[in-house]
Amino acid sequence: MKTVLITGATGDVGTHLARELAAKYKLRLSDRRPLKAKNFVKADISKMADALRITKGVDAIVHLGGYSVEGPWEAILQANIIGCYNVFEAARRNGVKRIVFPTSNHATGFYRRDHTIDHRVYPKPDGRYGVSKVFGEALGSLYADKYGMEFLMVRIGNVNPSPLDKRRLSLWISPRDIAQLVSIGIDHPGIKFEIVYGVSGNKRNWYDNSNATRLGYRPQDDSEPFAEEILRREKPGSDAIAEAHQGGIFCTAEEVPNPAAPKKSVKAKSKGKKK
Ligand code: 15L
């Protein structure tokens, strides 16, 4: 059984993956926030020493740790630029070859909704967060070419038991489908550097996900059964730019509420202490 490190394990996606993958791999869970679990190791990936400690002796890494929405540059810099560099570099130094990197639909969020995009399109990030995901993709590409490491880049839509709104009908991914994609990223023998979209088999997808199909991905879910109810209750949006582009409000907002934010940063924001 492979030993797999999941960083950012206390977040939404981490929680789903820890549950879905528990029987398949020996998981080592890590985060800077505490978690009551025997296989948990607390670590702050913005510190290289911590990144080196948690990546030692694993067969693969699912690197979820980071700031997960649009927000202040300083937070994104620490978590998604420095943290991502530390994890990839620590993996290289510890001889861990395989990394699954959950990038985001926000790496390509400024593509229009009437445009179907595939894994070869040039990134069009919709904010600082999207730029940080493009950084992770570029860093992975460098580490694959220069150091022979192996990366599956999953541009995740939104992981949830059911789609949340109209935009998410076109980028939703169910917990079991993201688990299937991540397993491909851990186990597929032919991966050097690949980009796929982390979406279920939604009828309304904005993505040509043929690269994922080529690697064996067979999504089991589709957002369509939820569409009627969501479209009935959702009023037309008033932000024309957000409505026209795949990234939605990430294209216009300076901050998007972070469901995983620690209480302290929520307070700082309400006092107007934005960076
Ligand atoms: C993301 O990249 C975020 O990590 C997630 O929290 C959602 O906001 C998602 O995008 C989305 O676009 O819905």
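Okay, here's what the table says:
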{"item": "Relative contact order, percent, the chain [alpha-carbon distance under 8 Å, six or more residues apart]", "result": "18"}
{"item": "Tensor-based shape of segment 126-195 (alpha-carbon gyration tensor, a/c under 1.5 rounded, otherwise prolate or oblate)", "result": "oblate"}
{"item": "Estimated vicinal HN-Hα couplings, Hz - segment 171-178 in sequence order (Karplus 6.51, -1.76, 1.60; Gly, Pro = x)", "result": "8, 5, 9, 7, x, 6, 6, 5"}
{"item": "Choice from 54, 156, 230 showing the highest fluctuation, given a GNM over the chain with Cα pairs closer than 10 Å", "result": "230"}
{"item": "Highest average packing first - 15-21, 127-133, Cβ atoms within 10 Å", "result": "127-133, 15-21"}
{"item": "Sequence-distant aspartates and glutamates (8 or more away, or on other chains) whose Cα lies within less than 20 Å of residue 192", "result": "59, 89, 118, 137, 145, 150"}
{"item": "Length-normalised contact order of segment 182-233 in % [C-alpha pairs under 8 Å, at least 6 apart]", "result": "37"}
{"item": "Mean separation of Cα contacts under 8 Å (6+ apart) over length of segment 1-154, as relative contact order %", "result": "21"}
{"item": "Segment 202-247: C-alpha gyration tensor shape, a/c 1.5 cut-off, then a/b vs b/c", "result": "oblate"}
{"item": "Per residue solvent-accessible surface (Å²) - the chain, probe of 1.4 Å", "result": "48"}
{"item": "Segment 116-130 - phi-based ³J(HN,Hα) in whole Hz, Karplus 6.51/-1.76/1.60, Gly and Pro as x", "result": "8, 10, 10, 6, 9, 5, 5, x, 9, x, 10, x, 4, 4, x"}
{"item": "Cα centroid separation - segment 119-140 against segment 34-77, whole Å", "result": "20"}
{"item": "Segment 225-231 - phi-based ³J(HN,Hα) in whole Hz, Karplus 6.51/-1.76/1.60, Gly and Pro as x", "result": "x, 8, 5, 4, 5, 5, 5"}
{"item": "Among 147, 90, 163 - extreme Cα towards positive end, dipole of the chain, charges at beta-carbon", "result": "90"}
{"item": "Carbon + sulfur, % of accessible area of segment 157-242 - ligands and nucleic acids excluded, 1.4 Å", "result": "52"}
{"item": "Highest-first arrangement of 231-244, 32-45, 55-68, 187-200, where packing means the average Cβ count within 10 Å", "result": "55-68, 187-200, 32-45, 231-244"}
{"item": "Shape category assigned to segment 122-239 from the gyration tensor of Cα positions, a/c cut at 1.5", "result": "oblate"}
{"item": "Cα point-scatterer Debye curve for the chain, base-10 log of I(q)/I(0) at q = 0.07 Å⁻¹", "result": "-0.23"}
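The values are calculated or read from the model by the stated rules, or taken from the named source; none is laboratory data. No experiment lies behind these values; they were computed from the predicted model shown. Quick reminder, even Gly has a Cβ in these numbers, built from the backbone with ideal geometry, and neighbours come from all protein chains shown. Remember, those area values only see protein heavy atoms, side chains included, never the ligands or the DNA or RNA. Shrake-Rupley method; radii C 1.70, N 1.55, O 1.52, S 1.80 Å.
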